[in-house]
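Single-structure report; data block below.
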Amino acid sequence: MSTSTAVAIVLAGLSTTITNIAYLRQHDAAAALPVLSMRRPLHSARLLLSDRSWLIGFAMETTGFLLYAAALALAELSLVQSISAGGIGVLAYVTARMGHRRLGRRELGGVILSVLGLFALAVSLIGGSSAEGHGSITSILVWLGVSGGAAALVLLLGRRFVGAAVAAGIAGGVCFSIGDISTKLVTQGGLRTGFLVTVVLGYLLGTILLQVGYQAGGALTVAGLATLLTNALPIAAGTIVLDEPVPSGAYGALRVLAFAAVTVGGVLLASPKQSPR
């Protein structure tokens, strides 16, 4: 393992820890505010920016992002995301500790499956080379466009079928994945710095959606689903559109099983308690 890769792993670990603690702080702050709405963005933004507790959480999330960007500049997207994905474990542990409660069976099962799946993803990376992929601009744009459309579709239909909290968590996670993929592209320099636009849009929409979701459900449900998608989608994108090396044989099979475990874990986590709001 090269020195740059080792440093990237440390930075990614610090990033995911700080970011997931920030999610919990933002959840508690947003849940105590008047109802936030995507239809009144300026009013909702003023409510958030006037809350000191939320601003501290946002500052922590920003610090986590800067560490994440630094990690991406040193290593391939799939590796950094697989380390960041372990944040679901941090999120579950801190949620239980701060709430002075034990995780329910569905939550615990979802967390265990997710952590095992994401650990398996990390192990499967051993089977690939450390060469950085680039991919074509066309395929990248298609991926980002489809992701944006999927997030919009979830918002339109998701509330009816899975509830507001789950819909916001899923859509927010997809938007964050757009930001993460775009951040990697920006670190590659050249014309790809133009993806700074989708970095801003992805993270801005993702942040807003999470705050709306926090008012409708628990932190583990909303931020948990967002964290899973934020990491699983870029790992897939690294292979599919950035042409990062794919492991063969047993490592390839392990990656398939890992994604299955992450998916089932996400389903188990998607069991929000209805909010009276």
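The values are calculated or read from the model by the stated rules, or taken from the named source; none is laboratory data. The structure displayed is predicted, hence computed values, not measured ones. Every residue, glycine as well, gets a Cβ built from its backbone with ideal geometry; the counts of neighbours run over all protein chains shown.
Under 7 Å by Cβ, and 6 or more places apart or on different chains, what pairs join a residue from the stretch 210-226 that is surrounded by fewer than 24 Cβ atoms within 10 Å (Cβ to Cβ) with one that is of a type in the set (Val, Ile, Thr)? Going by the 7 Å Cβ cut-off, the qualifying pairs are Gln215/Val35. Residues of the stretch 144-192 that are in contact with a Ser or Thr (Cβ under 8 Å, 6 or more places away or on another chain), more than 27 Å from Ala31 (Cα to Cα) and polar (S, T, N, Q): Ser147, Ser182.
Filtering the stretch 33-67 to residues that are among the polar types (S, T, N, Q) and out of contact with any Ser or Thr (no Cβ under 9 Å at 6 or more places or on another chain) leaves Ser50, Ser53, Thr62. Considered as a group, the residues in the stretch 202-250 that are more than 21 Å from Gly148 (Cβ to Cβ) and aliphatic (A, V, I, L, M) include one that is modelled with the lowest pLDDT, and that residue is Val246. The set of residues in the stretch 202-251 that are touching a Gly at 6+ places or on another chain (Cβ under 9 Å), farther than 13 Å from Ile178 by Cβ and either among the acidic types (Asp, Glu) or not in a helix (DSSP H, G or I) (or both) comprises Ala216, Gly217, Gly218, Leu242, Asp243, Glu244, Pro245, Val246, Pro247, Ser248. The requirement of being farther than 18 Å from Gly217 by Cβ, within 14 Å of the chain's Cα centre (by Cα) and surrounded by fewer than 21 Cβ atoms within 10 Å (Cβ to Cβ) is satisfied by Thr17.
Given the options Val199, Val142, name the one that is crowded, with 18+ Cβ neighbours inside 10 Å, of a type in the set (A, V, I, L, M) and either within 16 Å of the chain's Cα centre (by Cα) or not in a loop (DSSP other than H, G, I, E, B) (or both). If you could, list the steps in order and put the result at the bottom.
Numbers: Val142 fails: crowded, with 18+ Cβ neighbours inside 10 Å.
Exactly one of Val199, Val142 is crowded, with 18+ Cβ neighbours inside 10 Å, of a type in the set (A, V, I, L, M) and either within 16 Å of the chain's Cα centre (by Cα) or not in a loop (DSSP other than H, G, I, E, B) (or both), namely Val199.
Counting only helices (runs of 4 or more DSSP H) wholly contained in the stretch 1-108, the ones carrying 1 or more residues that are modelled with pLDDT of 80 or more occupy 3-31, 41-49, 52-72, 77-84. Cβ-Cβ distances below 7 Å connect the following pairs, each with a first residue in the stretch 55-82 that is crowded, with 19+ Cβ neighbours inside 10 Å and of a type in the set (A, V, I, L, M), a second residue that is modelled with pLDDT under 95 and not in a helix (DSSP H, G or I), and a separation of six or more residues or different chains: Leu77/Leu242; Leu77/Glu244. Of the residues making up the stretch 148-185, those that are within 29 Å of Ala73 (Cβ to Cβ) and surrounded by fewer than 20 Cβ atoms within 10 Å (Cβ to Cβ) are Gly148, Ala150.
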